[in-house]
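Structure, as structure tokens:
The values are calculated or read from the model by the stated rules, or taken from the named source; none is laboratory data. These figures come from a predicted structure and were not determined experimentally. Here the Cβ positions follow ideal geometry from the backbone for every residue, glycine too, while neighbour counts run over all protein chains shown. Please note that ligands, DNA and RNA were not included when accessible areas were found on the heavy atoms of the full protein model with its side chains. Shrake-Rupley method; radii C 1.70, N 1.55, O 1.52, S 1.80 Å.
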Amino acid sequence: RMINLINDFLNIEKIRHGQFVLNPSLVLIEELFQLCEEITKPMADEKSVTLVWQNVECEIFVDAERIVQVLVNLVCNAIKFSKPGGEVLIGASPCKNNAGEVEISVKDFGRGIPEEMLDKVFERYQQVEASDLLVKGGSGLGLSICKAIVELHGGQIWATSKPGEGTAVVFRLPLLKD
């Protein structure tokens, strides 16, 4: 946990100082999902949460390591806030409005996020509830790092939620570089 915290602090400082370098290449979304699943499945199994992967077959021009970092953070958050026996849905689909983009979503069926917190959760050191830091763990930096990584790729990230029904975090990325 301490190593993750230090890495989060280092990443935030690199982002703040413009030193966060991307190494993009063409990669299949399916490969990103497979890497994420390898990393997150033990946590899901430990909590008895089922990960359901829905893939779209396409290539995107991204830094695979950084997008896997985003996916892992989002899936781990979804697992943390899921009830034992619950599901987390991870999917990708071409954007309906723009054929040059893909949307990737991670949806849980946990407690949800109050509407007034939906934008704030992407700010540094934000937790939905003060007790989350102690009970659920984390640094309060994960979603702000995800936002920075997605934006460095020319994308957008947002959350939708209904308290008591769960949360979906969605990010949109261009398929190819400009």
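Going through region 46-64 one residue at a time, which ones are open to solvent by 20 Å² or more (accessible area, probe 1.4 Å) and either under 12 Å from the mean Cα position of the chain (by Cα) or within 14 Å of L28 (Cβ to Cβ) (or both)?
Selection gives W53, N55, V56, E57, C58, E59, F61, A64.
Among the residues of region 42-69, which ones are within 19 Å of I149 (Cβ to Cβ) and among the aromatic types (F, W, Y)?
Result: F61, single match.
Quickly run through region 160-173 and pick out the residues that are buried (at least 22 other Cβ atoms within 10 Å of the Cβ) and out of contact with any Gly (no Cβ under 9 Å at 6 or more places or on another chain).
V169
Identify, please: which residue in region 129-146 is in a helix (DSSP H, G or I) and either more than 15 Å from the chain's Cα centre (by Cα) or closer than 15 Å to T167 by Cβ (or both) and is, among those, modelled with the lowest pLDDT?
Out of the qualifying residues, it is L134.
Restricting to region 65-104, count the residues that are of a type in the set (A, V, I, L, M, F, W, C) and either open to solvent by 40 Å² or more (accessible area, probe 1.4 Å) or touching a Pro at 6+ places or on another chain (Cβ under 8 Å) (or both).
Of the residues in that region, 4 qualify.
Filter region 36-92 down to the residues that are among the polar types (S, T, N, Q) and within 18 Å of V169 (Cα to Cα), then identify the one that is modelled with the lowest pLDDT.
Residue satisfying both the conditions and the ranking: N55.
I'm checking my understanding of the structure. Among residues of region 112-128 that are farther than 15 Å from G142 by Cα and assigned to a helix (DSSP H, G or I), which one is modelled with the highest pLDDT?
E115
Can you tell me which residue within region 22-43, out of those that are more than 22 Å from E103 (Cβ to Cβ) and assigned to a helix (DSSP H, G or I), is most open to solvent (accessible area, probe 1.4 Å)?
E38
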